[in-house]
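Working notes for the structure below.
The values are calculated or read from the model by the stated rules, or taken from the named source; none is laboratory data. Not measured: the values here are computed from a predicted model. Note that each Cβ is placed from the backbone with ideal geometry, even for glycine, and that neighbours are counted across all protein chains shown.
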C-alpha cells in the first residue's frame, strides 16, 4: 500500500523564535486576555498559547503568575486619572480620580474582580501612593489621607463588584425571557398545541413581584448614585475633623 503523507499538526499559534519575546509583551498579552476573558482565562498555558511559547518559557521573564497579575493591575491603573491639578480642592480631587477609576471598571469590568484577588497588592501600591502624594501636597494630614484612600477604595471596589453582579443577573434574566418568548412563538406556530412545549394551553405569564426591586437596585448602582456616595464620604471626613477646617487644595 502506498504510504500516506503525515500532515503536520496545526497549532493554535505559530511557535516563535527563541529570544524574540519580551516581558512587556507578556504583560500586555495578559492584560488583553484578562480584559476579554477575566482572570480565569489568563492561565499560563493560555498565555503561552497566545504568544507562541510554552507555559514554562514564560517563567524566564516573570517569577510567578501572581507577579504577572500585579504587573497587569499596575498597567491598568496607569490608564486612570491621577493628575495633580493646580488649585483643585481635595473634594474635587476625590470625585475626579475615583470617577475615573469607576469608569475604567465599567469599560473593563474584569479588572474590578482582579483587584480583589488576594494575590494582588504590590500592583495597587503605586496608584495609592500617587493619590497620597496629591492629598499631602494639598496640606491634608497623612493619617486623614490614608483613611480617605482606604475608605474610598473599599467603597469603589464593592460598588463595582456589586454592579458587575447585577449586570450578570440582568443578562441571565434577559436570556430567560428570550427563551420563553421563543418557546411561546414555536408553540403558536406548531400544528399541534403543546408539540414543542408539552403544554396544550400556554400559561399566562406570572407577575414577577421583584421587578420594581430590580429596577431600584439598577438605579442605585448608576454613576449618579455612586457620586452621591462619594459626597457621603466627604462629609464623613469633614465630621471627623471635629470642627477644624478642611480647606485642603493643590497649590496654584
Original post:
How many residues does the range 12-34 contain that are under 23 Å from residue 105 (Cβ atoms) and at pLDDT below 95?
Top reply: 0
**OP:** Among the residues of the range 24-48, write down those that are more than 16 Å from the chain's Cα centre (by Cα), free of Cβ contacts under 8 Å to residues at least 40 places away in the same chain and surrounded by fewer than 16 Cβ atoms within 10 Å (Cβ to Cβ).
**Re:** 24, 25, 43, 45
Original post:
Which pairs do you get when a residue that is without any contact (Cβ under 8 Å) to a residue 60 or more places away in the chain, found in the range 112-139, comes within reach of a residue that is assigned to a loop (DSSP other than H, G, I, E, B) and surrounded by 14 or more Cβ atoms within 10 Å (Cβ to Cβ), reach meaning Cβ atoms under 6 angstrom, with the pair 6+ apart or on two chains?
Top reply: 130/82
Original post:
Taking the range 74-83 only, how many residues are more than 17 Å from the chain's Cα centre (by Cα) and surrounded by fewer than 16 Cβ atoms within 10 Å (Cβ to Cβ)?
Top reply: 1
Original post:
Among the residues of the range 35-50, which ones are closer than 26 Å to residue 104 by Cα and assigned to a helix (DSSP H, G or I)?
Top reply: 35, 36, 37, 39, 40, 41, 44, 46, 47, 50
Original post:
Quick one: would you say residue 67 is at pLDDT 95 or above and assigned by TED's automatic domain parsing to the domain that holds residue 232?
Top reply: no
Original post:
When you look at residue 71, is it surrounded by fewer than 14 Cβ atoms within 10 Å (Cβ to Cβ) and assigned to a helix (DSSP H, G or I), yes or no?
Top reply: no
